[in-house]
Structures are given as structure tokens and as C-alpha cells.
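Student: Below: one structure in C-alpha cells.
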Amino acid sequence: MKEVNLNRIELHKLVWDESLPSLANKYYITYTELRKLCDEMNIPLPKNGYWQIKRLGRKVEVTPLPAKSLGVAETKLYLLEDGDMPKTSKKRTNKVEIEESNSNLAVPPSRPQKLGPMASEALGNLTKNKAEHSRYRNLVSTDDGIFNIAVSPKNVQRAIRFMDSLVKIFSAKSYEIFFKYQFTYVKIYEQEIRVSIKEMTTRTMVKMGTWETSDLVPNGLLSFRMGKPYNEVIIKDNSRTIEEQLPRIIERLETRAEKEKLQSEESAKWLAQYREEERLKKEAQLAKEKEIADFNKLIADAEKWHKSAIVLNYRNVVETNAIKNNSMSSSLLDWLSWARKRIDNYNPLTNFADEFKKNE
């Protein structure tokens, strides 16, 4: 995080240029804390309807900054950088915050807008594709490497406008969109979430000659989907269209990414702990095995020493008797020398001290 010092004038300009929820996503501060800070610094905030008017490109009236502060003239904020997590609040989102969140939309999706490159590519792709060649029956769908959309031909324009607004929000929030295999992903808080736009279908009985079968028929309702099939979340047209639910969709995506990030961190923490426990178990097992091996060697060395002592005593008796009986010969001397060397090599005490020096 990067430390940023702001005076009243600078913060006043900031909160009238960009909504509080958007600023809370850029700085390490919650929406509630930011409102409280503005109160303490006597900085007026936009009233209800301000962001909708500004979003439509109309002239808006900015409330001037009062001359006096309520005691706080400067503040310090922390600008989030790559990899930093926003400071979240567990309180329920209020109506004012929802309205300000809507300011992230450049223009209402239902209004004609200039399409971005990704939306233009998807539109061209859907226009050339035919429903009968789609991987989804009765729907036209985008090819691999293009934002996943599967809708009936009559819903192409609407799906594209919605997708364009969605992509522009992702871009404004610096969320990366990428393609893996035949799927579309958005990266939020370093978490990869699969996303798609599909038209809902209804199973309908279809007569085929003398017998009937069922088929999935598009019903005109659009849906936004996040996640893989086993944990997929579907947000669809209901009393509100998915265009009207865009703030909720972004919130659900961010909440999901934040949850997955925490789960990933917990999993990484658990895995690190598990590996450390396994390492300690392995060390303990190796120490135990070494202890047994060392003791077995001790017993073997003791047996070898005992045998070498017996053999050495026998060799010395042979030498003593030869001297006593005056029967020493050159061949016996050779044998006595050979026997001594063999006994020294066999006796574990011969190099006993040297073995300990090697381990120091």
C-alpha cells in the first residue's frame, strides 16, 4: 500500500469526482469510515441522484467546500497496490451506498453506447454463428477465446450491451479478463472466476411424427453465471433485469473472490502446517531409525571386540610359547605379524576415536 496525504481541498475534489464505494475499493478504508472522515473534515457529499445525473452526461452542481473544518484539516489514506485486499465492512449495504455503487456504470445498459473492442468482437462472432451449429441447442454461442455468451438470435444485442457494461466495470476496477480452454475468466483479488452470459431455457415437449420428445427452448430470460458447474451461481432476470442487478453482480463477484482468497490462504496455511508436521514426523522417524542402527552397531562392535580379544590372546600365547621353547622361525614371525594386522583391522577399537572426529 502507498501512503497518500490529503488536505480538505484534495479530498473534497476526490469525493465529488468519484463515488465513495469506488474510492473504498482504491484505498484501504471502508465506505462507512470514508463518510465519517468527510464529516470530521466538514466536507459535503453528493446528494441522492447526483451520480445518475452525472452518469447521463448532464451538468451537475458541486457543493462548495466550507471555509472551516471541524478540527481535522488533513488526513492520511493508503492507496491499494497490486495484490492488496480492500478493507471490507460487514454492515448491510444501505440505499445511498447502492446508488453510489451504480456510478461505476458508464451509461445505462439499455441506452445505445459505443461498444468496446471485446464486445465488438463478440457481436461479430455471434452474428456470423448459426443456432444449428451452436454447442447449445437453439442458441447462438461465441467461439473459444471470446467472452462466453449463448443466447437466442433475438437477444444478441441485449446480451452484448450487458456484456459491454460488465467488461467496462471490470476494466475500471482493473480486473483482468482472460480465456482458458473454452471458458472466460475474470481475475479478482488474484482469484480466477469463470463467468458467462446465457439465456435461460424451458424444457418443452416436441412432436416428432407419431411420438413426442422434449427439447430445451430459449425463454427470453438472460442470466449471468459465475463459477464452475459444481458451485455455479446464477443471477437471472426476475422482477429486475440483470442490467438492473449489475451492482449486485459485481458485489457477488467481489465477495466470492474475497472468500476464495481467504480459503486459498487458509488452504496454503494448512498445507504449510501439514508439510511441517510431516517433516518433523520424518525427522523423528529417521532419528529413531538411526538410534536403532547405532545401537545395533554398538552390539556388533562389542561382539567383534570380544572376538578380537580372544584371537589376540591366542596369538600372544603362540608367540610366548615359541619364545619359551626356542622354536621361533621366520615363517612363524610372518604369521605372527599377519595375525596382528588382521586382529587390528577387525578390532573396532583400533579406529574408534577417529570415527568420532569425522562426525565433529
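Student: Suppose we keep only residues that are of a type in the set (A, V, I, L, M, F, W, C) and in a helix (DSSP H, G or I) within segment 34-83. Which one would you say is modelled with the lowest pLDDT?
Tutor: Looking at the filtered set, the residue picked out is Ile53.
Student: Please give the number of the condition Ser308 fails out of (1) among the hydroxyl-bearing types (Ser, Thr, Tyr); (2) open to solvent by 90 Å² or more (accessible area, probe 1.4 Å); (3) in contact (Cβ under 8 Å) with a residue 24 or more places away in the chain.
Tutor: Among (1) among the hydroxyl-bearing types (Ser, Thr, Tyr); (2) open to solvent by 90 Å² or more (accessible area, probe 1.4 Å); (3) in contact (Cβ under 8 Å) with a residue 24 or more places away in the chain, Ser308 violates only (2).
Student: Is it fair to say Tyr314 is of a type in the set (Ser, Thr, Tyr) and either open to solvent by less than 90 Å² (accessible area, probe 1.4 Å) or under 60 Å from the mean Cα position of the chain (by Cα) (or both)?
Tutor: The answer is no for Tyr314.
Student: Next question. What pairs come out if I take residues in segment 331-343 that are more than 16 Å from Thr320 (Cα to Cα) and pair them with residues that are assigned to a helix (DSSP H, G or I) whose C-beta lies under 7 Å away, six or more apart or interchain?
Tutor: So the pair list comes out as Ile343/Ser308; Ile343/Val311; Ile343/Leu312; Ile343/Arg315.
Student: Another question, if that's okay. For Glu360, work out the one condition from (1) assigned to a helix (DSSP H, G or I); (2) at pLDDT below 90 it doesn't fulfil.
Tutor: Going through (1) assigned to a helix (DSSP H, G or I); (2) at pLDDT below 90 one by one, Glu360 breaks only (1).
Student: Then there is this: Pairs under 6 Å by beta carbon, first residue at negative phi in segment 14-42, partner of a type in the set (Lys, Arg) and open to solvent by 50 Å² or more (accessible area, probe 1.4 Å), six or more apart or different chains?
Tutor: What qualifies is Tyr28/Lys87; Ile29/Lys87; Thr30/Lys87.
Student: Further question: Quick one: in segment 211-263, which of the residues that are among the charged types (D, E, K, R) and part of a loop (DSSP other than H, G, I, E, B) is farthest from Val195 (Cα to Cα)?
Tutor: It comes out as Arg240.
The values are calculated or read from the model by the stated rules, or taken from the named source; none is laboratory data. The model shown is predicted, which means the values in this text are computed figures rather than measured ones. Neighbour counts run over all protein chains shown; Cβ positions are idealised from the backbone, glycine included. Heads up: the accessible areas ignore ligands, DNA and RNA and are worked out on the full protein's heavy atoms, side chains in. Shrake-Rupley method; radii C 1.70, N 1.55, O 1.52, S 1.80 Å.
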